[in-house]
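I have placed the structure first, in the form of structure tokens, so that the comments after it can refer back to it.
Nothing in this text is a laboratory measurement; each read-out follows from the coordinates by a stated rule. If you're wondering where the values come from, they're calculated on a predicted model, not measured in any experiment. Every residue, glycine as well, gets a Cβ built from its backbone with ideal geometry; the counts of neighbours run over all protein chains shown.
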Amino acid sequence: MDATFLVKVSEKDTEGRCVIFDTLRPEKVGPALHKHDNCDEWFQVLEGEFKFQAGEEIMRLKVGDTLLVPRGTAHAFVKTSEGAGRLIVMHQPAARMEEYFRTASKLKDQSVEGRRALAASYGTQFVGPALKPD
């Protein structure tokens, strides 16, 4: 899935109230434009620089910057800097996102089309293309 996800706080530890991932992103890629019907998503940049889209707004985030994307808001991001990029990502409530990433990482077809039906079953809709780094 173009990133390494380390579970820092499991949905099991919070009775589903949230899940927190530490993600390592070595390449200048990111997820397709998508929205979550059942959770808010919060990001904090720990390393690197990223371009984010939330709704119609495009923004640049650097180390220390945070962004909250309310549920139902289309969003995407892509690493724009050289070297590794790292994000803390929280879904609230957890909305089974931990299970989604574990299952999706095992899919043979990692394309958006290959993950579309699985994502929909977890309340995530792909609604547009991935962002380009610049």
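Observations, loosely collected:
- Odd one out for ILE58, checked against (1) surrounded by fewer than 16 Cβ atoms within 10 Å (Cβ to Cβ); (2) in contact with a strand residue (DSSP E or B) (Cβ under 6 Å, 6 or more places away or on another chain): (2)
- Scan of region 110-127 for residues that are on the phi < 0 side of the Ramachandran plot and surrounded by fewer than 18 Cβ atoms within 10 Å (Cβ to Cβ), ordered by number: GLN110, SER111, VAL112, GLU113, GLY114, ARG116, ALA117, LEU118, ALA120, SER121, GLN125, VAL127
- Taking the criterion of being farther than 24 Å from LYS28 by Cβ and crowded, with 19+ Cβ neighbours inside 10 Å, the residues of region 70-95 that qualify are ALA94, ALA95.
- Residue within region 112-121 that is within 16 Å of the chain's Cα centre (by Cα) and assigned to a loop (DSSP other than H, G, I, E, B) present: no
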